[in-house]
Structure formats: structure tokens, C-alpha cells
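Working notes, structure below.
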Amino acid sequence: MPAASTANGTNGTNGTQSSPSKSIPVTSVLASFVAHADPSYLTGHVRDRLKEYILDFIGVTIAAGQTSDSTPSFLQAVTTLGGRTGSSTVLGQGKHFTPQYAGLLNAALGHSLDFDDTYAKGTLHAGVTAIAAGLAQSELLGSASSIDDFLVAVAVGYEITCRLGKELGNDAYARGFHNTSTAGIFGAVATISVLKHLPVQTVLDAFGIAGSKAAGSMQYLANGSWNKRLHPGFAVHDAFVAVALAEAGVLGAADIFEGTFGFLHAYSPKPDKDLEYLTSELGTRWEFLETSLKPFPACRMTHGFIEHAARLGREKGHTKASDYKSVTLALSPANVSVVGAPIPNKVHPGNMVDAQFSAYFTTAHSFLYGSTAGVGAYERQRLQDSEIRALSDKITCVGDESIKEFGSRIEVEYADGKRAVVDIPYPLGEVQHPFTRDQVDEKFFSLVNPVLGEKRALQIRDAVNEIEKHTVEEILGMLY
């Protein structure tokens, strides 16, 4: 195992930390942030962004409950395990689940279409754990929890996940970990703890216990398995377990984040972890506000290609594979390993998950059919489409060290000899290339109208927009 990294990017010897890292008690600082969370955190901007994220989460979760192929199996397993014996709500599925399994299902469904919000610096999805945990715990508390308690708790959960994810970086993926769940369990613990107004020591123990439950293997990429969809669900479920154990007096591991064998060192070989940045300005500098909303139900790493391939292809009348001589897709080297490896299930994916994580398929599909198909892009006839397959064979993915986060570049040589090159530093939805509020609503209605109808969808949108006038129970009552 590489030597543990320190706050200033240097390494200790024999796997131990040198003094710069030891001087920052990360776990204690984050636990204090959680235990002393305050409604003053809810500035107008924070409130507005939370409303957008909550609305988006509701939309993708409701849709997945009806359209995702894994949903029936998830529900059946939870029923078998006794998780359908309570009074907690799963969006679109009813009010008869235990809290921990309601959290599992809402988080898993919220991630099942790979359409949930994304934090680029951490290459993860923070809302799916923070919001799912917040809904389940708030509903459990009932009138003892105000809507501002819920919003503060969700904001803190987002922030913990995003800050930890930033320090894990893409490097964690090389070690085989999925940041959404490994960091997300701590965000979920934070959300639950804020809502329960837990003291610092209990939060410390809950974090310490959660450190032994932080999991999420990237091996799902081998066969497009449903593990990925379950990852945030496991994180929320296990966050409830960790908090309950801590409240019962179970001693959790100390220094779970910064310790010699702690989370940051064990889960990522990233050499330049900045523990000062991780712990500074908590409650005033909100990393999670840089979270982006997704316009396409695919891995965020492919979004620049999807957006611009439609403009370079179908919108210009190039709708056959024979219209193209070659296509080169450039992205960061770390992202190539996730979506651009030249292996059979990437070049010609046979299922939805593989296709969502294929720069070849998603780009070829967008060239030929445009970018508006949504989850329809992954129907069997599209996965087997001979034109998409032929164009995918003309695509090459390359790594470029100068490209950061979810940036990309697309180069096209057409059959007639013409060429086009587009640099894409930020995909649609990022702060630098943002969704408008109209686009947020448009995405929500496209997901919810087919399931609940236009009238109910409008009621839900309006309630979230004015969430301060409602309770969490009232919001959930619209979502059975």
C-alpha cells in the first residue's frame, strides 16, 4: 500500500502520517460541524439550490420506480427481508416501509437511471444519499422536525459527501471504489445526525462505525451489474445502522477520516489531499452548490459528447454511420478507464448500465438520433442498432492530461472530407454551463407527468418551490 498522504501532499514513512496531517483533526472538525448545524446556513442561494436538487431527486426517483428494470427485484428483496413492515414512504411505492429500507430504496431508485445530480470535483452523486436519508429520518420524527431542520440536514449531508469526495478524487476509482457510496455513507450519517440533534461524541462514534461500512466496488463495470444502483441505497441503510449503534453507546473508531488506516488514506491514493481545504469555512463556503443537474441519463463523463454529437451529426443531416469516416473522443485519462476502454461491453454494450458507461454508444447514438431520447436510448432495438454499432467501430477514445473533471473534446472527420473539432470544458448543467430553472422544471415534468399525471406533477413542483410552507410529511404525501 502506498504511504499515507498528508495535508500538504507529502508522504509519511512506513504508512504513518507526518505532522501536517496530524495537526488537522478532520473527524472532530466535521463532527462538530454536524452537531452544531444551524438554520443560519440557509441563505437564499442555499435554499434555492436545495429546492432544485430536491425537485430533481423526486423526478428521477419517481420515474425509476416505474421504468427501471431493477426496481421489481429491489422491492421483492426488501419485502423478503422484512423491510415492508413500517410506515415510511418510498416515492411512488407507498407508505409501508421501515425507515432504513425506505432510505435504501429511495436512494437506490434515485440512482437507478443514472440521472441524479453530480459533483464534478468528487466524481460522485451526493444528493441521492443526503436527500434519501433526510426524507426517511424527517418522516420518522414527524412534527418534531421542522422543514428548516430538514433543509439544514440535507445541506450538511451534501457538504460532507462533496468535501470528502473532492479529497478522494478520481484516484479512488483506480483503487476500485465508487465515491458516491464510500463518501455518501458519511453524508447520510451527517444528515440523520443533524435531524436528531446528536451531540459531538455520538456523531464521532457514528462516523467511526460508518468507516467500516463504507463500500462500493467499481467492478460493476465488468458486466453492467445493478450493484451501482444499490450503492447509495446501501450507504443510507448502513448510515441508519451506524447512528443507531452510536446512540446505543457503541464505541466507533477514532480519527476515521485522517487516521493512519482511516478513510482518506485507505480509499484513495490521491497524493495531494488538502485537509485544510476539507475542514475550512464550514457553513460559509458551500462546495455542494457546485453540484450540477444532469440533462442526460448517462455517466456524466459522456455528457459533453452527447450534447455536441447531436449538433455535429443529426442536426446537420448526418444520420448514417457511412456519413462519418472517424471520430476521436478525448477526456481525462482517469475517465477513459470508466467510459472509454476499448473493450466489447463498452464498444457494443448489451445492457443499459454498460451503455450508460460507454462513450462509444452514447456518442454514436447522439450523432444518429439526437440527444433527446432519454432512457429510450437504452431500449433493446437501440442497443442492437446496426448503424450505432457501425459508427461505434469508427470511434476512438484517448486520454488527455490537460482535460480536467468532466471536460472533453470531440473531433469528427466526415466521409466527405470535412472536419470539426469542439472543445467542451464543461458539460451542460455545470455552474459554468448551467441549467436554467425552466430546464430544471422541464426535466422534472418529463419524468413525472407520465407516472403521476400533469396535475399532480404541477402540485409537487409548486410545493417544493414553496417548501417552507409545508412539512416533509405533506410533501411525501403527494408522492405515494
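Every residue, every condition in (1) of a type outside the set (Asp, Glu); (2) in contact with a helix residue (DSSP H, G or I) (Cβ under 7 Å, 6 or more places away or on another chain), yes or no:
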position: VAL375; (1), (2): yes, yes
position: GLU379; (1), (2): no, no
position: CYS397; (1), (2): yes, yes
position: TYR414; (1), (2): yes, yes
position: LYS418; (1), (2): yes, no
position: ASP423; (1), (2): no, no
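For the condition of a type in the set (Lys, Arg) and touching a residue at least 12 places away in the same chain (Cβ under 8 Å), what is the one hit in LYS270, LYS316?
Working: LYS316 fails: touching a residue at least 12 places away in the same chain (Cβ under 8 Å).
When all the criteria are applied, what remains is LYS270.
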Before we move on, is VAL336 in contact with a Lys or Arg (Cβ under 9 Å, 6 or more places away or on another chain) and in a helix (DSSP H, G or I)?
no
When every residue in region 321-333 that is over 16 Å from VAL347 (Cβ atoms) and outside any strand (DSSP E or B) is compared, the one most open to solvent (accessible area, probe 1.4 Å) is SER322
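Going through LYS166, LYS228, LYS196 one at a time, which residue ends up being buried (at least 24 other Cβ atoms within 10 Å of the Cβ), in the same structural domain as VAL128 (by the TED database) and either within 27 Å of PHE74 (Cβ to Cβ) or in contact (Cβ under 8 Å) with a residue 12 or more places away in the chain (or both)?
On the way: LYS166 fails: buried (at least 24 other Cβ atoms within 10 Å of the Cβ); LYS196 fails: buried (at least 24 other Cβ atoms within 10 Å of the Cβ).
Of LYS166, LYS228, LYS196, the one residue that is buried (at least 24 other Cβ atoms within 10 Å of the Cβ), in the same structural domain as VAL128 (by the TED database) and either within 27 Å of PHE74 (Cβ to Cβ) or in contact (Cβ under 8 Å) with a residue 12 or more places away in the chain (or both) is LYS228.
Report yes if SER181 is open to solvent by less than 20 Å² (accessible area, probe 1.4 Å), touching a helix residue (DSSP H, G or I) at 6+ places or on another chain (Cβ under 9 Å) and of a type outside the set (Lys, Arg), otherwise no. Explain how you work it out, then say what you get.
Working: open to solvent by less than 20 Å² (accessible area, probe 1.4 Å): yes; touching a helix residue (DSSP H, G or I) at 6+ places or on another chain (Cβ under 9 Å): yes; of a type outside the set (Lys, Arg): yes.
In short, yes.
Conditions tested, residue by residue: (1) within 13 Å of ILE209 (Cα to Cα); (2) in contact with a helix residue (DSSP H, G or I) (Cβ under 6 Å, 6 or more places away or on another chain); (3) in a helix (DSSP H, G or I).
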| site | (1), (2), (3) |
| --- | --- |
| ALA246 | yes, yes, yes |
| GLY252 | yes, yes, no |
| ILE256 | yes, yes, no |
| ASP272 | no, no, no |
| GLU276 | no, no, yes |
Which numbered condition trips up PHE234, out of (1) over 30 Å from ALA330 (Cβ atoms); (2) assigned to a loop (DSSP other than H, G, I, E, B); (3) open to solvent by 40 Å² or more (accessible area, probe 1.4 Å); (4) touching a residue at least 40 places away in the same chain (Cβ under 8 Å)?
(2)
Quick check on region 259-266. Is at least one of its residues in a helix (DSSP H, G or I) and more than 30 Å from PRO39 (Cα to Cα)?
yes
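The values are calculated or read from the model by the stated rules, or taken from the named source; none is laboratory data. Just so we're clear, the structure is a prediction, and the values are computed from it rather than from any experiment. Every residue, glycine as well, gets a Cβ built from its backbone with ideal geometry; the counts of neighbours run over all protein chains shown. For accessibility, only protein heavy atoms count, side chains too; no ligands or nucleic acids. Shrake-Rupley method; radii C 1.70, N 1.55, O 1.52, S 1.80 Å.
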